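The values are calculated or read from the model by the stated rules, or taken from the named source; none is laboratory data. Worth saying up front: this structure is predicted, and the values here are computed from it rather than measured. Every residue, glycine among them, receives a Cβ derived from its backbone with ideal geometry; neighbour counts consider all protein chains shown. Accessible surface is based on the protein model in full, side chains and every heavy atom, while ligands, DNA and RNA are left aside. Shrake-Rupley method; radii C 1.70, N 1.55, O 1.52, S 1.80 Å.
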Amino acid sequence: MQRRRFITALGGMILGSAWRPAAALTAEPSTPSSAGALDGEQSDRFRAWMALIVADQIRRGPSPRWFHRDCAGLARFAVGEALRPHDTRWRRANGFTGRLPPEVDLRPEQAALLKGWTTLAGDQQAFVTALALVQKNSRRLGRESAMSKPGDLLFFDHGDDQHLMIWMGSWIAYHTGQPPAAAEQGAGRRRPSPEMVEDNGLRAVTPAQLLQWKDTRWQPRDDNPNFAGFYRLAFLSR
């Protein structure tokens, strides 16, 4: 994958609040107990690790350990990798060297965070959909990016289909949900261009770029009924 040059956003998105999400998206999440949630310092450390891991997927391509490669899968993978211990073996296997964020250091009562997510049915599983991620595992912040921090989520609801993006501060990361173009090459098909071969579905855009997309369904605007708003993982205290 060609390395992408991250460009600074042309200002934050200031979004109104006239539109209200569907009732299903305003349900209270199944949040951890106060003893199991990350405290303020742990939350900050988690965000630093999650941002680092997401940026690394964009920069170098998907990790071989990331199996479910779609929009929700990017968030689930980054969260799982951010919460786990980053010992020498992990750092060597993932190619991380040099100075790294301090460890989150989960307490024993927080170990349940590593066991999975709350599904729409209320049980715990390693796999959940984008809808379950926001409805059962996150809390809604509103529609203004000023309230968001790196690691928060943008959620788009198209009725039968939902999509997540990850707020990175000055840019936004997401996966298109499409399989790699090279995997679609079959017998008798024209050889794809190098750009098609390298397309792994990962994208990095600025807020300004997203707001200017011709397909208005993906614009995080107040007058876009498909944009549900920004969400924060329920186990974060800030």
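Sorted by mean Cβ packing within 10 Å, highest first, what order do the peptides 126-132, 115-121, 41-47, 169-175 take? If you can, show how the numbers build up before the last one.
On the way: 126-132: 17.6, 115-121: 15.1, 41-47: 19.4, 169-175: 21.0.
In descending order of packing, they fall as 169-175, 41-47, 126-132, 115-121.
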Item to check | Sequence of His163, His68 when ordered by accessible area, the most exposed leading, probe 1.4 angstrom | outcome: His68, His163
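Calculate, in nm to one decimal, what Thr216 and Arg91 gain on full extension: separation in residues at 0.36 nm each, minus their alpha carbon distance. Can you show the working numbers first?
Values: separation 125, 0.36 × 125 = 45.00 nm, distance 4.03 nm.
Computed gain between Thr216 and Arg91 is 41.0 nm.
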Item to check | Segment Leu100-Arg238, length gained on full extension (0.36 nm per residue, minus Cα span) | outcome: 47.6 nm
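Given a Förster distance of 25 Å, report the FRET efficiency between His158 and Gln124 from their Cβ-Cβ distance, rounded to the nearest 0.05.
Working: r = 27 Å, r/R0 = 1.09.
It comes to 0.40.
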Item to check | All lysines inside 27 Å of Lys214 as judged from Cα atoms, apart from same-chain residues fewer than 8 positions distant | outcome: Lys149
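Using the Cα gyration tensor of the stretch 45-187, with a ≥ b ≥ c the square roots of its eigenvalues, what is the shape: rounded (a/c below 1.5), prolate (a/b larger than b/c) or oblate (neither)? The partial results should precede the final answer.
Numbers: a/c = 1.37, a/b = 1.09, b/c = 1.26.
Rounded.
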Checklist entry - Taking a point 7 angstrom from the Cα of Arg65 along the C-beta vector, which residues in the stretch 91-122 have backbone N less than 11 Å away? => result 91-96
Next on the checklist: Can you tell me which lysines have their Cα less than 22 Å from the Cα of Lys115? Leave out same-chain residues fewer than eight positions away.
Outcome noted: Lys136
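Under 1.5 on a/c is rounded, so check that first for the stretch 70-110, then, if it is not, pick prolate when a/b is larger than b/c and oblate when it is not; a ≥ b ≥ c are the square roots of the alpha carbon gyration tensor eigenvalues. Write out the running numbers ahead of the final one.
Details: a/c = 2.19, a/b = 1.12, b/c = 1.96.
Cα axes put the stretch 70-110 in the oblate bin.
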